[in-house]
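The values are calculated or read from the model by the stated rules, or taken from the named source; none is laboratory data. Since the structure is predicted, the reported quantities are computational estimates derived from the model, not experimental observations. Reconstructed Cβ throughout: ideal geometry from the backbone, glycine too, with neighbour counts over all protein chains shown. SASA here: full protein model, heavy atoms, side chains in, ligands and nucleic acids out. Shrake-Rupley method; radii C 1.70, N 1.55, O 1.52, S 1.80 Å.
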Amino acid sequence: MDRGLRDLKREATAQALAKAAFELTRERGMSGFVTADVVERAGYSRRTFANHFSCKEEAVASVAFGGVEDASAILTGLPADLPLLDALLAVMKTQFTADALVRMRELMAMARQYPTLEPHVLGVQQRMRHTAQELLTSVAGDRYPTVYVPLLFGAVYGAVMAALEGTLGVQLGDESDLSPASMDYTSFLDITFDYLRHGF
């Protein structure tokens, strides 16, 4: 079997299990289900679950990866001489859709509610941050000073986390419980990248 196809199938299985665990947490809370419920809902065996996750909390946290396209594929399709700031904006608009961010925001709220889930969510965030920064560094090559990529990434990551945590009024999807002064996700990205482009 082609290795690429095998990897895609493995990722799809992991995401199906993660989605089932996330939905069960939504419906019953972390203490309201066990691994057997996850595998039954997803249609896999316990052994398959064990091949992907060490516990139900790890599965729930992994839902953050679902629906997020491979950023490297997006960047590959962009012109090689595109400024890094514009390339990052393209990834943010394509990869981090409002639906994906709503799921991440809900996951962060769950982590605050269930202490056993929090370290797994933090672990997923760390892996995503590390992978994204490595990718940006490779795309930047030697076109920018060494300090530029970490500063750019840190600024964008900080802004996105503020939106996810609710410290910025950013409306994601069909949320209706935010203030009238809140902005939609596209406006948030435009404002954030305008500041990065032209200064504060």
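Anyone know which of 77, 43, 32 comes out most mobile in the 10 Å Cα GNM of the chain? Answer for the Gaussian network model of the chain: 77. Of the residues 16, 159, 80, the one that moves most in a GNM of the chain with alpha-carbon contacts below 10 Å is 80.
Expressed as a whole percent, the accessible area of the chain that falls on carbon and sulfur atoms is 55 (1.4 Å probe).
Report residue 144's accessible area, 1.4 Å probe, all protein chains in place, as a number in Å² to the nearest 10. The value for residue 144 is about 60 Å². With the helix formula -39500 (n - 2.57) applied to DSSP H stretches of n ≥ 4, the chain reaches a computed 222 nm mean residue ellipticity of -21500 deg cm²/dmol.
Find how much the distance from residue 146 to residue 93 grows on full extension, using 0.36 nm per residue of separation minus their present alpha carbon separation; answer in nm with one decimal.
16.5 nm
For residue 184, the amide hydrogen comes within under 5 Å of the amide hydrogens of 171, counting only partners 5 or more places away or on other chains and with H modelled in the peptide plane. The lysines within cross-link reach of residue 19, meaning a Cα-to-Cα straight distance under 17 Å and a gap of 8 or more places when in the same chain, are 9, 56. Applying a DSSP loop filter and a limit of 12 other Cβ atoms within 10 Å to the trypsin sites (Lys or Arg not before Pro) in the stretch 109-176 leaves 143. For the chain, the residue among 98, 45, 115 whose Cα projects farthest onto the positive side of the dipole built from Cβ charges is 45. Surface exposure of the chain, expressed per residue as accessible area with a 1.4 Å probe, stands at 57 Å².
Farthest towards the positive end of the charge dipole of the stretch 86-200, among the residues 155, 170, 198, is the Cα of 155, using unit charges on the Cβ of Lys, Arg, Asp and Glu. Using the Cβ-Cβ distance between residue 157 and residue 113 with R0 set to 25 Å, the FRET efficiency from 1/(1 + (r/R0)^6) comes to roughly 0.60.
About its Cα centre, the chain has a charge dipole of approximately 680 debye under the convention of +1 per Lys or Arg Cβ and -1 per Asp or Glu Cβ, with nothing else charged. With only the Cα atoms considered, the chain has a convex hull volume of 141 Å³ per residue. Label separation (residue 184 vs residue 10): 4.0 nm, computed from points 7 Å beyond Cα along the C-beta direction.
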